[in-house]
1. Heads up, I need the accessible area for F40: 1.4 angstrom probe, whole protein in place, Å², nearest 10.
2. Which whole-Hz couplings ³J(HN,Hα) result when phi for each residue of the stretch 18-23 is put into the Karplus expression 6.51 cos²θ - 1.76 cosθ + 1.60, θ = phi - 60°, listed in order with x for Gly and Pro?
3. In whole Hz, with x marking every Gly and Pro, tabulate ³J(HN,Hα) for the stretch 24-31 from phi via Karplus 6.51 cos²θ - 1.76 cosθ + 1.60, θ = phi - 60°.
4. Provide the solvent-accessible area of Y56, counting protein heavy atoms only and rolling a 1.4 Å probe, rounded to the nearest 10 Å².
5. Along the Cα-to-Cβ line of H43, 7 Å from the Cα, sits a label point; which residues in the stretch 1-32 have backbone N less than 18 Å from it?
6. What is the distance, in nm, between label points placed 7 Å from the Cα along the Cα-to-Cβ direction at F17 and at L92?
7. Would you please give the residues with an amide H less than 5 Å from that of A91, counting only those at least 5 places away or on a separate chain, with H modeled from the backbone geometry?
8. Report the accessible area of L14, computed with a 1.4 Å probe over the heavy atoms of all protein chains in place, in Å² rounded to the nearest 10.
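The values are calculated or read from the model by the stated rules, or taken from the named source; none is laboratory data. Remember, predicted model here, so these are calculated numbers, not experimental data. Using ideal geometry, Cβ is built from the backbone for each residue, glycine included, and neighbour counts are taken over all protein chains shown. Just so you know, the surface numbers come from the protein's heavy atoms only, side chains and all, with ligands and any DNA or RNA stripped out. Shrake-Rupley method; radii C 1.70, N 1.55, O 1.52, S 1.80 Å.
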Amino acid sequence: WERAYHSECTTPSLSRFVGRPDELSFEARTRYWRTGEVPFDRHDWFVNRCGREVRYIIDYYDRPEQQANDQLPSLHDESSVKSIELHVRPALDSLEAAADRARRATSRAPALQQPPPPPASSSPPAQGGAAAQPS
């Protein structure tokens, strides 16, 4: 999310975070209604974007279907971690955050992206003049 603001601020930093495990975000509540899935934790992270504070919401979900691949970490092991899924997004507490989320949603929506151009035809136009025009 912060990469979009790199030209404005090259050194964003985490200023603080608040654990809110007992509060469902709007997105988590909606996901619960759709799927029955509830996050096991929630954090609100406050990022200092070169003097301006922006808030992100992070919901943490267990991924039990991936637990077969999990490895129990040893004391200094940094590669063996429990399978979890993070849903990270700007909090909807400003117009800029709403615009960021809308921009991300439309850039990732396959139905809204332009289809690739059709391959160039190597066959000559039909007898009698120009090739047929698409309707």
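1. Ignoring ligands and nucleic acids, F40 comes out at about 100 Å².
2. With the stated coefficients, the stretch 18-23 comes to 10, x, 9, x, 9, 10 Hz.
3. Each residue of the stretch 24-31 in turn: 7, 6, 4, 5, 5, 5, 5, 5 Hz.
4. Roughly 20 Å² of Y56 is accessible to a 1.4 Å probe.
5. Residues passing the 18 Å test: 1-3, 12-25, 28.
6. 2.3 nm
7. Long-range HN contacts for A91: R55, Y56, I57.
8. Near enough 80 Å² of accessible area.
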